[in-house]
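Only the coordinates and a few stated rules stand behind these numbers; no lab work does. The structure displayed is predicted, hence computed values, not measured ones. All Cβ positions, glycine included, derive from the backbone under ideal geometry; neighbour counts span all protein chains shown.
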Amino acid sequence: MEFYQLGDIQTKSVSGNVHEAVFTLTGQQVAIKVLAKSTLDAADTEEVVLSKIDTMLKLDHPHFAKLLDWFEANDKYYLVFQLCTGKTLFDKIRDHGQLAEADASKYMQGIFQAVAQLHQHGIMHHKLNPRKLVFLDSTDEAPPYAN
């Protein structure tokens with residue numbers, strides 16, 4: 001953690017929290033998911049976790065937050081991702097009402113392409129819903145990212 005300064009928690013989950021952070025050498029804002037080893041499934045051996053991380057590093061799609069780096073401490077894994085600062089799709093729908101058909105179609109096409117890439121790598125996203133789709137930023141052109 002010597003090169004990262006952790007900030008506020010963006011999201012909380014059973015497996016770990018996602019913090020906003022800064023890479024201190026460049027000032028780049030990132031998101032760091034902190035996974036406690038004690039909360040991982042029994043099937044998630046170190047070999048399995050490292051294999052999953054290796055696969056995430058290979059994923060390259062405009063609808064995925066890119067895994068930039070990772071490291072581990074005695075009892076935790078730290079996954080450093082591209083920071084998404086926009087709202088979730090759920091929040092966007094709640095705040096603005098029904099999506100225009102063209103926007104919904106554009107979002108779904110990108111999401112389906114991203115899921116297809118996951119499947120090509122043998123990964124199944126098990127909690128894909130509007131609360132898990134985060135927009136890169138607050139602009140209207142920002143794509144939703146699978147979280």
For LYS58, placing the label point 7 angstrom along Cα-to-beta-carbon and taking region 108-132, residues whose amide nitrogen sits under 16 Å are 116-124
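Report the FRET efficiency, 1/(1 + (r/R0)^6), for SER38 and LYS127, where r is their Cβ-Cβ distance and R0 is 25 Å, rounded to 0.05.
0.75
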Magnitude of the Cβ-charge dipole (Lys and Arg +1, Asp and Glu -1) of the chain about the Cα centre, nearest 20 debye, reported as 340
In degrees rounded to 10, the 0-90 angle between helix 46-58 Cα long axis and the longest Cα principal axis of the chain is 40
Projected onto the charge dipole of the chain (unit charges on the beta-carbon of Lys, Arg, Asp and Glu, signs +1, +1, -1, -1), the Cα from GLN10, GLY97, LEU35 with the largest positive-side position is that of GLY97
Counting only DSSP beta bridges fully inside the chain, the antiparallel percentage to nearest 5 is 95
When the charge dipole of region 18-147 is computed with +1 at the Cβ of Lys and Arg and -1 at the Cβ of Asp and Glu, the Cα pointing farthest to the positive end, of GLN109, THR26, VAL80, is that of GLN109
Between HIS119 and GLN5, the two model label points (7 Å from Cα along the beta-carbon direction) sit apart by a distance in nm of 4.4
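Grab the DSSP H runs of the chain that are 4 residues or longer, score each as -39,500 (n - 2.57), total them, divide by all residues and round the 222 nm result to the nearest 500 deg cm²/dmol.
Values: 3 runs with 41 residues, N = 147.
The per-residue figure over the chain is -9000 deg cm²/dmol.
If you add up the charges near TYR4, with Lys and Arg at +1 and Asp and Glu at -1, over every other residue whose beta carbon is less than 15 angstrom from its beta carbon, what do you get? Please list the in-between numbers first.
Numbers: positive: LYS33, LYS76; negative: GLU2, ASP8, GLU20, ASP69, GLU72.
So the environment of TYR4 carries a net charge of -3.
Within 11 Å, Cβ to Cβ, of LYS66, how many net charges do the neighbouring residues add up to if Lys/Arg are +1 and Asp/Glu are -1?
Details: positive: LYS58; negative: ASP60, ASP69.
Every neighbour counted, the sum reads -1.
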For region 5-16, in residue order, the Karplus 3J(HN,Hα) values (coefficients 6.51, -1.76, 1.60; θ = phi - 60°; whole Hz; Gly and Pro = x) are 10, 6, x, 5, 6, 7, 9, 10, 8, 4, 7, x
Under 5 Å from the placed amide H of LYS76, counting only residues 5+ away or on other chains, we find LYS37
